[in-house]
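The values are calculated or read from the model by the stated rules, or taken from the named source; none is laboratory data. Fair warning: this is a prediction, and the values are worked out from it, not measured in the lab. So basically every Cβ, Gly included, is an ideal-geometry build from the backbone, and we count neighbours across all protein chains shown. Side chains are part of the model used for accessible areas, which takes the heavy atoms of the whole protein and leaves out ligands, DNA and RNA. Shrake-Rupley method; radii C 1.70, N 1.55, O 1.52, S 1.80 Å.
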Amino acid sequence: MPAKILIIHGPNLALLGEREVNVYGSFTLDEINAKLQALAKQEKAELAIVQLDSEGEIVEQIGKARKEFGALVINPGAYTHYSVAIRDAIAGVGIPTVEVHLSNIYAREEFRHKSVIAPVAVGQISGFGVNSYLLGLKAALDLLKK
Ligand code: DQA
């Protein structure tokens, strides 16, 4: 049975490649997803990748994930800093979760320094651009092997 991992890109991440390239880099979401799929193929893992702007849809997706996925890699975007609903969904389903950020949220504005998601995630990777996602996927794959 292949390891099945859900990747959730949160709000505004569809704009990658155009949006604040000095902060988020010039890779588009499709390019990031292609890199993730290539790594998954190499590791014989199966990925489902979604980008969702709305908090409710993210909560819904996490709720449904419990039946199908062994791990979750999520970039919650701005919801990172205040969405108790997404935090509760992750805690509720109990799927091992890796939180990722392209930028180093601790080196930016003070309101980004707090993550309400981090306490319910296994860990957080922040500041490595597209590599944050690849490192996040590697961490998730390792969690599944345990
Ligand atoms: C982000 C950091 C968040 O503070 C911001 O709101 C984003 C992207 C990142 O990947 O660096 O939308 O999650």
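Given an 8 Å cut-off on Cα distances and at least 6 residues of separation, report the relative contact order of region 1-106 as a percent.
The normalised contact order for region 1-106 reaches 37 percent.
Tell me the carbon and sulfur percent of the accessible area for region 99-146, rounded to whole percent, probe radius 1.4 Å.
Carbon and sulfur together cover 56 percent of it.
Is there a quick way to get the dipole size of region 3-145? I mean about its Cα centre, with the Cβ of Lys and Arg at +1 and of Asp and Glu at -1; what is the value in debye to the nearest 20?
My answer is approximately 480 debye.
Under a GNM of the chain (C-alpha, springs under 10 Å), which listed residue has the highest mean-square fluctuation: Ala38, Ala89, Ala118?
Of Ala38, Ala89, Ala118, the most mobile in the Gaussian network model is Ala38.
Extending each Cα 7 Å along its Cβ direction at Ser54 and Leu29, get the distance between those two points in nm, one decimal.
1.5 nm
Suppose the Debye formula is applied to equal point scatterers at every Cα of region 1-81; what is log10 I(q)/I(0) at q = 0.16, 0.25 Å⁻¹?
-0.64, -1.23
Keeping all protein chains in place and using 1.4 angstrom, which order do Ile125, Ile105 fall into by accessible surface area, from largest down?
Working: Ile125 30, Ile105 5 Å².
From most accessible down to least: Ile125, Ile105.
Could you tell me the convex hull volume per residue, in Å³, taken over the Cα atoms of region 3-145? Intermediate results must be reported in sequence, preceding the final value.
On the way: hull volume 12.8 nm³, N = 143.
Dividing the Cα hull volume of region 3-145 by its residue count gives 89 Å³.
Charges on Cβ only, +1 for Lys and Arg, -1 for Asp and Glu, centred on the Cα centroid of the chain; of Leu137, Gln61, Asn12, which one is farthest towards the dipole's positive end?
Result: Leu137, furthest along the dipole toward the positive end.
Nearest 500 deg cm²/dmol is fine: what mean residue ellipticity at 222 nm does the chain get from its DSSP H runs of n ≥ 4 alone, each adding -39,500 (n - 2.57), divided by its residue count?
Helices in the chain give a 222 nm mean residue ellipticity of -11500 deg cm²/dmol.
Roughly how much of Thr28 is accessible, in Å² to the nearest 10, using a 1.4 Å probe?
Answer for Thr28: close to 50 Å² accessible.
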